[in-house]
Amino acid sequence: MIDQAAERMNRVRGAIRVVDTEPRLLAAARQLRRRLPGDERFGDPLSTAGVKAVHVVGRGVSALQPDRESVTQELGFAALQVWQSLSEAAGRGRGDDPLAILFTDLVGFSSWALRAGDTAVLELLREVGSAVESAIVARRGLIVKRLGDGLMATFLDPQDAVEAALDAQIALADVEIEGYRPRMRAGVHWGRPRRLGGDYLGVDVNIAARVVEAAKGGEVLVSETAAAQLDAVALRTGKAKRLRAEGAPRQLHVMPVTRT
């Protein structure tokens, strides 16, 4: 009796497996995903690389049947695709919506770090991280990722991005570790980055990274698209110059920003 029950169970499993890999059902599931809101390719390593619940669950679904295509897997991704889309629409970060992108880093950090050693470097990074990230959160920013001695963050308003960068520079004025006083530079660009998993990609992200590279230590540099939306009463923009950087539009101009 036990053998017969086991045999019946194996037959049922085999039938389910056949249905689960039926090409016409797979095609229908994929067609459904194309009609649903969100990223129809959700489930690949890039789209599930974040730390939010939807990304963690997505990685779990990807690992269930890595060796074959599956209707069950496609339907699971369809549900997660809609979940991600709804969560983004309720908060921030839809790929079609404009965002202010902030990049920061420290001038002279790498050469100092080679001399200072790991203990001093870690102490500095903790103090810098606390100062900069607190300023970003206070201005309603979202920290996307940490980049060694810098970070990337997004804001719904360029004004908040610039104010956060200026606040962070003030907070860093009292920091000194092993003779090194961090001089943070920042770059802000206003555009429409594409969200993928827990990260942002696209031309506008590349431009924002080039803007910070053009900034000097202690300077907040903004693209002209970001500058156009700043409050001229609270902030003063300096002389505009063309951003000469690979990957940036030839006619894009940037300018430094200070408080009035």
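The values are calculated or read from the model by the stated rules, or taken from the named source; none is laboratory data. Everything numeric in this text was worked out from a predicted model, so none of it was measured. Glycine also receives a Cβ, built like all others from the backbone with ideal geometry; neighbour counts cover every protein chain displayed. Please note that ligands, DNA and RNA were not included when accessible areas were found on the heavy atoms of the full protein model with its side chains. Shrake-Rupley method; radii C 1.70, N 1.55, O 1.52, S 1.80 Å.
Data overview
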read-out	value
Candidates V203, V212 - the one that is under 25 Å from D97 (Cα atoms), aliphatic (A, V, I, L, M) and in contact with a Phe, Trp or Tyr (Cβ under 6 Å, 6 or more places away or on another chain)	V212
Flag for G197 being on the phi > 0 side of the Ramachandran plot and touching a residue at least 60 places away in the same chain (Cβ under 8 Å)	yes
Check on L243, closer than 24 Å to L156 by Cβ, touching a Leu at 6+ places or on another chain (Cβ under 6 Å) and either exposed (fewer than 12 other Cβ atoms within 10 Å of the Cβ) or not β-branched (V, I, T) (or both)	yes
Candidates M152, M184, filtered to the one that is of a type in the set (A, V, I, L, M, F, W, C) and under 19 Å from the mean Cα position of the chain (by Cα)	M152
Close pairs (8 angstrom Cβ cut-off, 6 or more residues apart or separate chains): in a helix (DSSP H, G or I) in region 132-151, surrounded by fewer than 21 Cβ atoms within 10 Å (Cβ to Cβ) and acidic (D, E) anywhere	A135/D167; A138/D167
Qualifying residue in region 97-106 (condition: in a loop (DSSP other than H, G, I, E, B) and closer than 28 Å to R194 by Cα)	yes
Residue match in region 227-237 (condition: at positive phi and open to solvent by 30 Å² or more (accessible area, probe 1.4 Å))	no
Search result, residues across region 95-116 that are within 30 Å of P37 (Cβ to Cβ) and among the polar types (S, T, N, Q)	none
Hits in region 155-176 (condition: open to solvent by 10 Å² or more (accessible area, probe 1.4 Å), within 14 Å of A226 (Cβ to Cβ) and of a type outside the set (S, T, N, Q))	L156, D157, D160, E163, L166
Single match in R115, R126, R146, R139 (criterion: touching a helix residue (DSSP H, G or I) at 6+ places or on another chain (Cβ under 7 Å) and open to solvent by 20 Å² or more (accessible area, probe 1.4 Å))	R139
